[in-house]
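Structure first, commentary second.
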Amino acid sequence: MDSIEPAPNDAKRQIDLSRRDFLKRSCLLAGAASIGPRSGMLVDLGGASDSAGALRQTGARGPAFPKGAVIRTLLKDVPPETLASGAVLFHEHLSIHYPLTRALAAKQGVQPPTNFSDDVDLMVAETRAAGKEGVSCIVDGGHPDMDRSLDALKRIAAESGVHIVASGGYYMQRNYPPEIAAKTVEQIADDLVRQATIERLGAYGEIGQQGGELTAEERKVFTAVAKAQARTGLPIFTHNAYLGTIPVNPPVPREAALRQLDVLEAGGAKPEKIAIGHVCCLDEPNAEVAKQVARRGAFVGFDRVTIQTLPDAKRVAMILALLEAGYADNLLLSSDFSSGRALKKNGGPGLAQTVTVFGKMLLDAGVTRDTLHAILVDNPRRFLAFVPKKPS
């Protein structure tokens with residue numbers, strides 16, 4: 001999550017590929033999604049004001065889930081099949097203060113910030129609109145060090161009709177509470193497990209780093225989150241410092257995503273429950289790092305779509321390369337929603353922009369509807385679903 005404004009009119013961008021390329025890739029992508037028939041296929045991705053019929057049921061079988069698997073939303077555990085009719089957005093923000101949280105404001109002796117998400121009635125309305133545009137579930141990527149309010153998220157879930165998953169963990173070193181420095185990996189892991197149980201958390205995220213290299217404290221937190229994942233079964237999604245075409249000094253190593261995955265796997269996290277975030281902000285046309293993440297069994301997070309760290313046309317080309325390599329099942333999409341400009345109230349595309357704006361770009365680029373359904377509906381359900389364990 002960064003306070004970078006999404007550009008308007010992304011839906012009108014054209015990807016720089018020839019018609020022959022589109023047709024060739026379309027044929028290749030027709031068989032890219034390998035989980036079997038789909039239970040609710042995307043059939044229409046019109047504009048933000050005309051997509052209430054974006055999903056329909058085909059009656060076909062969707063992906064199989066382990067016996068007893070659930071997706072833990074704030075209000076209740078739901079079977080993954082419950083969310084088969086709509087897109088599941090794995091990384092958004094419905095309640096947040098950033099970059100200046102209350103704690104950082106107090107430390108600097110300034111007034112606490114306000115944020116558009118403080119208006120819970122507004123966020124209920126925006127989330128309800130997203131539901132009408134084909135979104136069945138939203139994962140909120142905040143936690144206490146971003147001033148995320150669980151009470152606000154519960155209201156949004158109860159009044160909007162959209163399932164909300166709350167997350168836990170720690171963002172990055174500059175946001176850590178002071179006590180993190182004195183705690184061991186095991187103590188932090190214990191806290192994370194306890195927090196997830198008490199607060200009905202359904203994921204750990206977004207877990208981040210503030211620069212191109214993990215600091216010692218960030219490495220400790222990543223290891224603790226991995227241990228908590230192994231104990232609870234909850235999935236993890238991360239934040240990377242990639243900023244696309246925005247100059248960064250020192251530059252962020254292209255391997256940063258892989259180093260995060262190294263630490264999480266070493267700590268005991270299962271790769272199929274890890275999503276390495278913001279890979280869509282690495283300007284790499286052949287998507288080589290994304291392919292390496294997917295090859296190891298983890299999910300690749302394209303979770304800043306519509307945010308102009310990198311033109312969305314480039315992201316589309318990277319996704320085509322990833323899908324052509326056979327990794328349709330490892331891709332997750334979301335928009336890291338955090339800008340008031342993107343609100344429907346302000347004339348923006350709203351919380352469903354991943355579906356209504358970026359999803360349309362993928363279709364225009366030749367991605368099949370069946371494959372797009374797998375990416376938006378099936379993949380995030382597989383990522384979020386887990387069989388609850390007794391606390392250990």
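Asp140 fails exactly one of the following numbered conditions: (1) closer than 28 Å to Ala84 by Cβ; (2) surrounded by fewer than 24 Cβ atoms within 10 Å (Cβ to Cβ); (3) free of Cβ contacts under 8 Å to residues at least 60 places away in the same chain; (4) not hydroxyl-bearing (Ser, Thr, Tyr). What is the number of that condition?
Unmet for Asp140, out of (1) closer than 28 Å to Ala84 by Cβ; (2) surrounded by fewer than 24 Cβ atoms within 10 Å (Cβ to Cβ); (3) free of Cβ contacts under 8 Å to residues at least 60 places away in the same chain; (4) not hydroxyl-bearing (Ser, Thr, Tyr): (2).
Show the residue pairs meeting these rules: Cβ distance below 6 Å; 6+ apart or different chains; first residue within the stretch 359-382 and closer than 21 Å to Glu272 by Cβ; second residue β-branched (Val, Ile, Thr) and open to solvent by 10 Å² or more (accessible area, probe 1.4 Å).
Matching pairs, first to second residue: Asp378/Ile35.
So, in the stretch 158-213, how many residues would count as being over 22 Å from Phe337 (Cβ atoms) and not in a helix (DSSP H, G or I)?
7
Quick check on this structure: which one of His91, His97 is in a strand (DSSP E or B) and either closer than 23 Å to Asp151 by Cα or modelled with pLDDT of 95 or more (or both)? It would help to see each step written out before you state the result.
Working: His97 fails: in a strand (DSSP E or B).
When all the criteria are applied, what remains is His91.
I'd like the full set of residues that are within 17 Å of Gly211 (Cα to Cα), open to solvent by 10 Å² or more (accessible area, probe 1.4 Å) and under 16 Å from the mean Cα position of the chain (by Cα), limited to the stretch 236-274.
Listed by number, the list holds a single entry, Ala241.
The rows are residues; the columns are (1) in a loop (DSSP other than H, G, I, E, B); (2) among the charged types (D, E, K, R); (3) over 22 Å from Gly131 (Cβ atoms); (4) in contact with a Cys (Cβ under 7 Å, 6 or more places away or on another chain).
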| residue | (1), (2), (3), (4) |
| --- | --- |
| Val300 | no, no, yes, no |
| Ala321 | no, no, yes, no |
| Leu332 | no, no, no, no |
| Leu372 | no, no, no, no |
| Asp378 | no, yes, no, no |
| Lys389 | yes, yes, yes, no |
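Does Val135 qualify as being touching a Lys or Arg at 6+ places or on another chain (Cβ under 9 Å), crowded, with 18+ Cβ neighbours inside 10 Å and of a type in the set (Val, Ile, Thr)?
Details: touching a Lys or Arg at 6+ places or on another chain (Cβ under 9 Å): no; crowded, with 18+ Cβ neighbours inside 10 Å: yes; of a type in the set (Val, Ile, Thr): yes.
Answer is no for this residue.
Answer yes or no: is there a residue in the stretch 312-322 that is buried (at least 24 other Cβ atoms within 10 Å of the Cβ), touching a strand residue (DSSP E or B) at 6+ places or on another chain (Cβ under 9 Å) and in contact (Cβ under 8 Å) with a residue 60 or more places away in the chain.
Within the stretch 312-322, none of the residues are buried (at least 24 other Cβ atoms within 10 Å of the Cβ), touching a strand residue (DSSP E or B) at 6+ places or on another chain (Cβ under 9 Å) and in contact (Cβ under 8 Å) with a residue 60 or more places away in the chain.
Being more than 30 Å from Ile246 (Cβ to Cβ) and polar (S, T, N, Q) is the filter here; which residues of the stretch 190-212 pass it? If you could, list the steps in order and put the result at the bottom.
Residues of the stretch 190-212 that are more than 30 Å from Ile246 (Cβ to Cβ), as a first pass: 190-202.
Within the stretch 190-212, Gln195, Thr197 meet the criteria.
Quick one: which of Ala325, Ala298, Ala342, Ala294 is modelled with pLDDT of 95 or more and open to solvent by 10 Å² or more (accessible area, probe 1.4 Å)?
Ala325
Only one of these conditions is not met by Ala189: (1) within 20 Å of the chain's Cα centre (by Cα); (2) buried (at least 18 other Cβ atoms within 10 Å of the Cβ). Which number is it?
Evaluating Ala189 over (1) within 20 Å of the chain's Cα centre (by Cα); (2) buried (at least 18 other Cβ atoms within 10 Å of the Cβ) leaves (1) as the failure.
Let's see how each residue does on (1) buried (at least 16 other Cβ atoms within 10 Å of the Cβ); (2) on the phi > 0 side of the Ramachandran plot; (3) in contact with a strand residue (DSSP E or B) (Cβ under 9 Å, 6 or more places away or on another chain):
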| site | (1), (2), (3) |
| --- | --- |
| Leu153 | yes, no, yes |
| Glu159 | no, no, no |
| Ile164 | yes, no, yes |
| Gly169 | yes, yes, yes |
| Met172 | yes, no, yes |
| Glu179 | no, no, no |
| Val185 | yes, no, no |
| Arg194 | no, no, no |
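Which one of Thr232, Thr215 is under 25 Å from Leu89 (Cα atoms), over 19 Å from the mean Cα position of the chain (by Cα) and either open to solvent by 40 Å² or more (accessible area, probe 1.4 Å) or modelled with pLDDT of 95 or more (or both)?
Exactly one residue qualifies, and that residue is Thr232.
The values are calculated or read from the model by the stated rules, or taken from the named source; none is laboratory data. Everything numeric in this text was worked out from a predicted model, so none of it was measured. Glycine also receives a Cβ, built like all others from the backbone with ideal geometry; neighbour counts cover every protein chain displayed. Keep in mind that these areas ignore ligands, DNA and RNA; they rest on the heavy atoms of the full protein, side chains included. Shrake-Rupley method; radii C 1.70, N 1.55, O 1.52, S 1.80 Å.
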